[in-house]
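Okay, so here's the structure we're looking at.
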Amino acid sequence: MSGCTAVSAPGKVLLAGGYLVLDRAYTALVFGLDSRIHVCIEPIRTRSGVTLSEIIVKSPQFLAAAWEYGYRLTEGGGGIAVTQLRASHDSSLDRNPFIETALIYALTYITATFPQAISPASISILADQAYYSNPGTAPSSTSQFLNFNVTLADAHKTGLGSSAALVTSFTAAMLSYYLPTDKFNVENEEGLRVLHNLSQAAHCAAQGKVGSGFDIASAVYGSCLYRRFSPSLLSNMPEPGSPSFAKKLQSLVEGDTWDTEIQKAAVQMPKGLRLIMCDVDCGSQTPGMVKQVLAWRQKNKEDADGIWADLQTGNEALARELTSLATTGEQVGASDCAKLKDLFAKNRALIRKMSVASKVPIEPPQQTALLDACSNVSGVVGGVVPGAGGYDAIVVLLEDKEEVFEELKRVLVAWKVDGETDDDVKIGKVGMLGVREDMVGLRREDPSIYQQWIASGDDSST
Ligand SMILES: Nc1ncnc2c1ncn2[C@@H]1O[C@H](COP(=O)(O)OP(=O)(O)O)[C@@H](O)[C@H]1O
Ligand SMILES: C[C@@](O)(CCOP(=O)(O)OP(=O)(O)O)CC(=O)O
């Protein structure tokens, strides 16, 4: 595994501050998770010694998940352009916009910062199980990763932020591989700042929209209190390939115009507590929730400002209480959690107020019933619908004890919704995801953990 560079980035859960975080006047509490997306990059090895001018990207846990790119420096400072290559004449092009955009942005930044002829490379992506609910199979008893036996399009995502973790670890792996450590190092603050800014730019470009970016922030920095960057920073970026794109990207990424605020110390997990994520199977999903909430807010400024201000106060109090319990360093038990319980209940009431007023099912009645049932389990502190809310997930804070975990699991496994609901949405099975919070963001990995996955990455056919 010599010449290999490997990193991983965590998934996320937005415990508090959904919708508010879209506006710089408010903040959000985001927890990184212990489910990670790993990226390993190495020189392309060929038996014949032929050198290919290609970057090959593979996601070997999925069927037919390989993307090959040719690359060239464009004229007029437009940066690096990539062309996806077909595996054979008759095969169709299966594009992966997140990989393609991260590749263009990373190569453009690399060549602008440290001009060089980009050497061919092979990149492997490996995701921890919890990102997808498809049952995987282990290729061997020692493998940390599973084969999902489906294509990426058929994989069922659990909403942990796979594209943000992917873009962040892909970008970090590329920059670490092609740049000398005095130009980029994930182990120092400046390296993380560059990684954050470049990953935000690439992720927004791939998504075709500028979101709050909390998912990229937690992929880079781990759990934190997050205040977003001004959206105008990215909405004014030119298209890749257009004149001076490379210089503009470099000065955007390295410049001091970023106003993101990351407070790591303000979000902590007390000793003796943990988070659990639950995936809810449901018959329908509500598209455009963000659009609808923001449209309602614009038309009902006064009502919305009141709810937003109360939620912000509650969210800050929640962060303060978690941090204050954590900083004692003492084991926290049920008797220490009365204030936390109260804060969860108050925040949920405000979210329901927002939900009813905007007519957007952020915490719909089906989720209220489920969260109430979870909150009644002895040892559970509270739960909320994370992020944008809706029908498909909940996050629960509980005492980190086997018996609490088992009792919660029993309630969830048996969960079914009886009776009619106004919106005709039935939530089905509720599953616990094998994840918990993790404070650590992007980190280097030992490439030997991928050995059995990337041995097949050798391009021995050429
Ligand atoms: N393991 C993976 N390998 C390659 N691409 C991936 C992988 N996981 C996610 N992606 C990319 O990210 C996209 C999913 O992103 P998105 O819809 O934003 O979901 P999420 O909410 O999980 O970020 C996929 O369509 C694919 O392009
Ligand atoms: C509404 C939001 O503030 C939070 C959405 O959080 P989710 O965790 O629900 O997001 P997805 O992973 O994109 O589904 C929008 C934002 O901050 O961009």
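The values are calculated or read from the model by the stated rules, or taken from the named source; none is laboratory data. As the structure is a computational prediction, the values presented were derived from the model and not from experiment. Every residue, glycine as well, gets a Cβ built from its backbone with ideal geometry; the counts of neighbours run over all protein chains shown. These area figures cover heavy atoms from the full protein model, side chains too; ligands, DNA and RNA do not enter into them. Shrake-Rupley method; radii C 1.70, N 1.55, O 1.52, S 1.80 Å.
Before moving on, here are some points about what is shown:
- Between the alpha-carbon centres of segment 105-148 and segment 158-210 there is a gap of 13 Å.
- Highest average packing first - 253-266, 73-86, Cβ atoms within 10 Å: 73-86, 253-266
- The three principal axes of the Cα atoms in the chain give end-to-end lengths of 65, 49, 46 Å, sorted in falling order.
- Amide H contacts of A65 (H built 1.01 Å from N, in plane; Pro and chain starts excluded): S59 sit under 5 Å, all sequence-distant by 5 or more or on other chains.
- Segments 324-334, 28-38 sorted - mean Cβ within 10 Å per residue, highest first: 28-38, 324-334
- Mean projected area of the Cα convex hull of segment 179-229, taken over all directions, amounts to 3.8 nm².
- For segment 273-436: rounded, prolate or oblate by the Cα gyration tensor [a/c cutoff 1.5]: oblate
- Cα-based shape type of segment 194-305, given that a ≥ b ≥ c are square roots of the gyration tensor eigenvalues and the cut on a/c is 1.5: oblate
- Ranked packing of 376-388, 89-101, 346-358, 156-168, most packed first, by mean Cβ within 10 Å: 156-168, 376-388, 346-358, 89-101
- Among the protein heavy atoms of the chain, carbon and sulfur supply 51% of the accessible surface, probe 1.4 Å, non-protein parts ignored.
- Based on Cα contacts under 8 Å between residues 6+ apart, segment 100-224 shows a relative contact order of 29 percent.
- Residue-normalised accessible area of the chain, expressed per residue, 1.4 Å probe, Å²: 43
- Screening the chain for DSSP H helices whose Cα atoms reach 20 Å or more along their own axis and whose mean Kyte hydropathy is at least -0.5 gives 97-113, 162-178, 189-207, 301-327, 338-358.
- Within the chain, helix-based [θ] at 222 nm, where runs of 4 or more DSSP H residues each add -39,500 (n - 2.57), nearest 500: -11000 deg cm²/dmol
- Each part reduced to its alpha carbon centroid, segment 389-410 and segment 261-277 end up 16 Å apart.
- When each of K157/K248; K341/K401; K271/K416; K12/K209 is checked by Cα-Cα distance, pairs over 27 Å: K157/K248; K271/K416
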